[in-house]
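Student: There's a structure below that I have some questions on.
Each reported figure results from applying straightforward, stated rules to the coordinates on display, with no laboratory input. For clarity, every value in this text was computed on a predicted model and none was experimentally measured. Neighbour counts run over all protein chains shown; Cβ positions are idealised from the backbone, glycine included.
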Ligand SMILES: *[C@@H]1O[C@H](CO)[C@@H](O)[C@H](O)[C@H]1NC(C)=O
């Protein structure tokens with residue numbers, strides 16, 4: 001009798017478990033983040049190495065989600081830089097205004113050329129840093145950070161300068177096009193990305209744009 005009840009219970013339990021097991025088989029877990037996750041949307045080839053990025057005390061994991069609040073200020077970047085080389089550093093959003101409909105791909109967030117060795121602060125600012133401002137309801141955007149080695153010290157004379165209070169010159173940027181135009185070494189020596197979606201800091205960020 002006890003055995004019969006146990007068998008019935010086991011049969012019920014097995015029946016209840018079956019659909020869940022079937023669901024898992026139908027939807028395999030997503031692959032882990034990789035440097036291919038923005039190829040070819042941003043660049044033709046993935047960067048050689050993962051770029052080390054730190055926003056304040058927060059060390060970025062590749063493809064991790066951060067909030068606009070966490071990325072207000074420019075991050076610290078570390079890569080295997082040669083002291084005698086110059087680099088171009090870029091942060092760009094291919095998912096503007098949304099990943100589903102990226103009609104403004106890419107929105108340029110940060111561009112610094114002639115970075116001597118690994119010292120971004122001593123580079124030539126072509127676009128001042130602006131943090132992530134994904135509009136409400138547009139889901140997760142990818143924010144891609146790349147470091148290209150330059151053939152040498154370069155003149156960026158015909159490249160516009162973009163300040164942090166203006167959107168001018170930021171939408172419909174292409175870092176691939178920029179790298180081709182200035183013959184930067186490809187693929188990029190280092191890169192990474194994070195994901196972000198709207199949070200309540202975004203209206204403050206948008207208010208900093210006066211044009
Ligand atoms: C920022 O750039 C815009 C567009 O080029 C310009 O109109 C504005 O005067 C600049 N603002 C500052 C503070 O330089």
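Student: For the chain, report the % of Cα-Cα distances exceeding 28 Å.
Tutor: Tail fraction, whole percent: 35.
Student: With Kirkwood's inverse mean 1/r over C-alpha pairs for Rh, give me the Rg to Rh ratio of segment 127-199, two decimals please.
Tutor: 1.00
Student: Continuing with this model, one more query. Using Cα atoms only, what is the angle between the long axis of helix 2-26 and the major principal axis of the chain, expressed in degrees (0 to 90) to the nearest 10?
Tutor: Value to nearest ten degrees: 20.
Student: When 1/r is averaged over all different Cα pairs and the result inverted, which Kirkwood radius in Å belongs to segment 89-211?
Tutor: For segment 89-211, inverting the mean 1/r across all distinct Cα pairs yields 14.9 Å.
Student: On a C-alpha basis, how far is the centre of segment 52-67 from the centre of segment 155-211 in Å? Whole number, if you could?
Tutor: 18 Å
Student: Scale the Cα Rg of segment 104-162 by the rule-of-thumb value 2.2 N^0.38 Å and send over the ratio, two decimals.
Tutor: Normalised Rg, Cα atoms only: 1.32.
Student: For segment 2-207, give the share of DSSP beta bridges that are antiparallel, in percent and rounded to the nearest 5; count only bridges with both residues there.
Tutor: Once the DSSP bridges in segment 2-207 are tallied, antiparallel ones form about 90 percent.
Student: Once R0 is set to 41 Å, what does the formula 1/(1 + (r/R0)^6) return for the Cβ-Cβ distance between residue 50 and residue 211, expressed as a FRET efficiency to the nearest 0.05?
Tutor: The computed FRET efficiency comes out at 0.70.
Student: Same structure again: For segment 129-187, calculate the relative contact order in percent as a whole number, restricting contacts to Cα pairs under 8 Å that are 6 or more residues apart.
Tutor: Averaging sequence separation for qualifying contacts and normalising by length gives 42 percent for segment 129-187.
Student: Further, regarding this structure: Order of 109, 45, 177 from fewest to most other C-beta atoms within 10 Å?
Tutor: Exposure proxy ranking, most exposed first: 177, 45, 109.
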